């Protein structure tokens, strides 16, 4: 089991590294395991920590919550376009409809993060 946990968490770490430049959500296709598998790996890894492992506990909790950043690839493409337009500073590059879509995507990410926070905190409280 430890080996399976390590593989999943290592692969997830690689996906998070690749996703670091995607400020408004990263494509879910970067994940090589399902969200449920990653959640399982994080939760099980947390059970092996001791009281002295607070830093690791916080890192795993954060990793769990960051699953919300992995969104459908189509949504990630919309978010990437909005991010590029905002970065350019050129008002002519702003497509208001795409910006509205990007804001809705960000709202869904935030909502998903809240659900994941509640889930991981309930798990940690056991």
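Could you list, in sequence order, all residues of region 1-48 that are touching a strand residue (DSSP E or B) at 6+ places or on another chain (Cβ under 7 Å) and at pLDDT below 95? If the condition is that a residue be touching a strand residue (DSSP E or B) at 6+ places or on another chain (Cβ under 7 Å) and at pLDDT below 95, then 19, 25 are the ones that fit.
Pairing residues of region 38-50 that are surrounded by fewer than 17 Cβ atoms within 10 Å (Cβ to Cβ) with residues that are part of a loop (DSSP other than H, G, I, E, B), at Cβ distances under 9 Å and at least 6 apart in sequence or on separate chains, gives 44/1. Free of Cβ contacts under 8 Å to residues at least 24 places away in the same chain and either in a strand (DSSP E or B) or in contact with a strand residue (DSSP E or B) (Cβ under 9 Å, 6 or more places away or on another chain) (or both), is that true of residue 55? Against the criterion (free of Cβ contacts under 8 Å to residues at least 24 places away in the same chain and either in a strand (DSSP E or B) or in contact with a strand residue (DSSP E or B) (Cβ under 9 Å, 6 or more places away or on another chain) (or both)), residue 55 does not qualify.
Going residue by residue through region 89-111, is there one that turns out to be over 21 Å from the mean Cα position of the chain (by Cα), crowded, with 18+ Cβ neighbours inside 10 Å, free of Cβ contacts under 8 Å to residues at least 60 places away in the same chain and in a helix (DSSP H, G or I)? No, that holds for no residue. Being surrounded by 13 or more Cβ atoms within 10 Å (Cβ to Cβ), within 19 Å of residue 123 (Cβ to Cβ), touching a residue at least 60 places away in the same chain (Cβ under 8 Å) and in contact with a helix residue (DSSP H, G or I) (Cβ under 7 Å, 6 or more places away or on another chain) is a property that residue 35 lacks. Within region 70-85, the presence of at least one residue that is crowded, with 18+ Cβ neighbours inside 10 Å, closer than 27 Å to residue 123 by Cα and either out of contact with any strand residue (DSSP E or B) (no Cβ under 7 Å at 6 or more places or on another chain) or touching a residue at least 12 places away in the same chain (Cβ under 8 Å) (or both) is confirmed.
The values are calculated or read from the model by the stated rules, or taken from the named source; none is laboratory data. Here the structure is a predicted model, which is why all the values come from computation and not from measurement. Note that each Cβ is placed from the backbone with ideal geometry, even for glycine, and that neighbours are counted across all protein chains shown.
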